[in-house]
Amino acid sequence: MIPNDIVERIIDAARIEEVVGDFVTLKRSGANYQACCPFHNEKTPSFSVSPSKGIYKCFGCGKAGTAVGFVMEHESMSYVEALKYLAKKYNIEVVEEGESAEMLARKQHKESLMLVSEYAAKFFKESLLTQEGQTVAYQYFRSRGLTDETIARYGLGWGPSARTALADKARSEGYKEEFLTETGVCIKYDGGRLVDRFSDRVIFPIYSVAGRVIGFGGRTLRTDKSVAKYQNSPTSEIYDKRHTLYGINFAKSEISRRDKCILVEGYLDVLSMHQLGITNVVASSGTSLTVEQIRLIRKFTNNVTIIYDGDPAGIKAALRGIGLVLKEGLNVKVILLPEGQDPDDFARSHTLEQVEEYIKDNEQDFISFKTDMLLGEAGNDPIRRAELIKDISETIALIPDAIVRAVYVRTCADKFEIAEHILTESVSRSRTRILVEDRKRQEREGLPEPVHDMPPVEPDSPASPVQPSVEPAPQTTGLLMEVPQLAPCEKEILGFVLEHGCDELKFDRDSKYYIEGEGVTVAEFIDGTFAEDDTQFVNTAYRKVYDEFFRMYDEGLEMEKISSRLLNNMDPVIAEVARDILIEKYQITVANYVSSLTSLVTRLVQFVPRSLLVYHIKKIELELDALTKQMMTAQEDQYEEILLRISDCNKKRNRLNNELGRV
């Protein structure tokens, strides 16, 4: 855990315009800055950055927050990761509390591996500038259509043909052999000789999501068949190809913005597409797609379009491994390129507009693609059509969302010209088998039992028309509005606390709230009223923010500091509520116009007590509703007690309504 004093230093140091400016081209507009929003597609700038307030806001999509929030949103980082990113940017050392000697040693070991990888990347990049690098590697990159800008941006390099060039230089500069071999940039033979793994190869650095070099792919330019075409970094503490997608650090923002990830196979496919201007593209780097890679994509989008070569091998690849993507709940589309072309060839031989148009016109839902293709192969052969139905039903059964499954069942039943319930039965049987297998696997691996969307049935039970099951509703996150009727009142009161908590309420002498010689702030007035009536917010999110505010208020912090801590709070619920209330909407309404004609002091004196009265009346009305419903099911001997409580509530409501009229 990062100590609070370091968190404060990071937040105080972070300049919103500098942080956002690292990712977005900002143009000054008066005291603020403007840009096209990085979170959604737009042509007219609606994204505003306010240095004085330390916030950003998009008037198009509504995204808003602070420097920490921007890094979290744009880079898909956790709160702690975002703080560490900013700490590095502003040269603030982060020493986390509660780290044991073992944890600290592990952390230092991992950082040492990172530093060696980054050193190797720098070495390969510099080697590209040597005579050998220019003659061999640079000419190769240029022959593949890559510009100098692309070569530099993606850190492409050259591993010198001298077998120990990197090993010798790294050791001379103090890098330890154990880290050189553990990262895989060097190999140590039994005789003790240390040689370079990537010698005589063009180099493609592989980056983490956060943009640090964690591994390499090296391609030989030799035609010797005995030499492996590609050499990749081995699995280490910082690199595992199953968890990595090439280009993800460059593509993640555009994937989130477009809400779509385009998946290709190789390094050059990614580079050519990015260079063309289509930057939401990543590659599985020649490996079969893994669950971990799919889950990495799912951090940024639920929509995947996979581009395959249009030859028979590409078509087979399109039918292989997609089950994993469907099972993880992603929406999958497929594009087949013209035969003989891969994404690299296609991108280099077409304009940006042509490629975008081709993607738009040719991407096809995977299940529809598979159904159409297999139907064409089956023709009118009844046996092959029956096998096809079984194949498609097993594919549909992989989809976790019951509604999506039901839609596919209906669509495919129409294509197959069979009764819908027959395909539903087949999908249900396949779904049950999948769930049973998953449960057994979980038990074998000692993992928590998964939550299934339909109960398993006995394998031998007779088949019957089964309707698609209903998936459990997802857990609600963010603002939990337990009592919707009270939410607007509670939000208004919390708004007074967060925005004007330290402002003094100056009541007139004839006001019932006036106390001779005593001043009271908005926060103290509201908290005192709540204490008198033994009241607290019903909404848990608002109550959490209210309690956090008064914890800092009681410490004597100024409003500006309290607001900053709430907006940058580690608890995402507190930060979300604070953003919703504290970041102005800038909407011109009649109410805003009228309120601008009266002074702040007058508005606070008028509306703070009024909002509390309205809130208490709402709570009484809810209690009356509950008592009325209780009356309908109560026993006869309970009537008198309930009627007395209803009468008492009515008296309170009338009294408060009278007060409300006077206020």
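The values are calculated or read from the model by the stated rules, or taken from the named source; none is laboratory data. As the structure is a prediction and not an experimental result, all values here were calculated from the model. Note: ideal-geometry Cβ built from the backbone for every residue, glycine included; neighbour counts use all protein chains shown. Accessible surface is based on the protein model in full, side chains and every heavy atom, while ligands, DNA and RNA are left aside. Shrake-Rupley method; radii C 1.70, N 1.55, O 1.52, S 1.80 Å.
Assorted remarks:
- The length gained on full extension between D361 and D508, counted as 0.36 nm times the residue separation minus their Cα-Cα distance, comes to 45.9 nm.
- Cα pair distances in the chain, grouped into 10 Å bins until the bin that holds the longest one, percent each: 3, 11, 17, 19, 19, 15, 9, 5, 2, 0, 0
- Each label point was placed 7 Å from the Cα along the Cα-to-Cβ direction; for I646 and H109 their separation is 7.2 nm.
- Annotation: cysteines of the chain without a disulfide-compatible partner (Cβ-Cβ under 4.7 angstrom) are C36, C61, C186, C261, C412, C489, C502, C649.
- Summing charges over all other residues whose Cβ lies under 9 Å from the Cβ of V116, with Lys and Arg as +1 and Asp and Glu as -1, gives -1.
- The chain - percent of accessible surface contributed by carbon and sulfur, probe 1.4 Å: 50
- Between the helical axis of 572-582 and the longest alpha-carbon principal axis of the chain there is an angle of about 60 degrees.
- Degrees, to the nearest 10: 420-445 long Cα axis against longest axis of the chain: 90
- Summed side-chain charge close to H243 - residues other than H243 whose Cβ falls under 15 Å, Lys, Arg +1, Asp, Glu -1: +4
- Å² per residue, accessible surface of the chain at 1.4 Å: 53
- Cβ-based net charge around T150, under 15 Å, with every Lys or Arg adding one and every Asp or Glu removing one: +1
- Once the mean of 1/r is taken over each pair of separate Cα atoms and inverted, region 81-203 shows a Kirkwood hydrodynamic radius of 16.4 Å.
- Calculated FRET efficiency, R28 to E621, Cβ-Cβ distance, R0 = 45 Å: about 0.30 to the nearest 0.05.
- Vicinal HN-Hα couplings computed from phi for region 108-124 (Karplus, 6.51 cos²θ - 1.76 cosθ + 1.60; Hz; Gly/Pro x): 5, 5, 5, 5, 5, 5, 4, 5, 5, 4, 5, 5, 4, 4, 5, 5, 5
- For the peptides 241-248, 431-438, the ranking by packing is 241-248, 431-438, with the highest mean count of neighbouring Cβ atoms within 10 Å listed first.
- Nearest-0.05 FRET efficiency for R439 and I403, computed from C-beta distance (R0 30 Å): 0.85
- Order by protection proxy (mean Cβ within 10 Å, highest first), peptides 19-27, 537-545, 223-231, 382-390: 537-545, 19-27, 382-390, 223-231
- The chain, relative contact order [Cα under 8 Å, separation at least 6], %: 7
- Nearest-0.05 FRET efficiency for V520 and E93, computed from C-beta distance (R0 60 Å): 0.85
- Relative packing of 420-428, 197-205, 174-182, which averages over residues the other C-beta atoms within 10 Å, highest first: 197-205, 420-428, 174-182
- Mean Cα-pair separation over length for region 10-164, i.e. relative contact order, pairs under 8 Å, 6 or more apart, %: 14
- Taking the centroid of alpha carbons for each part, region 334-400 and region 84-163 are 38 Å apart.
- Label-to-label distance, nm, for residues given as R212 and Y230 (7 Å Cα→Cβ offset): 2.5
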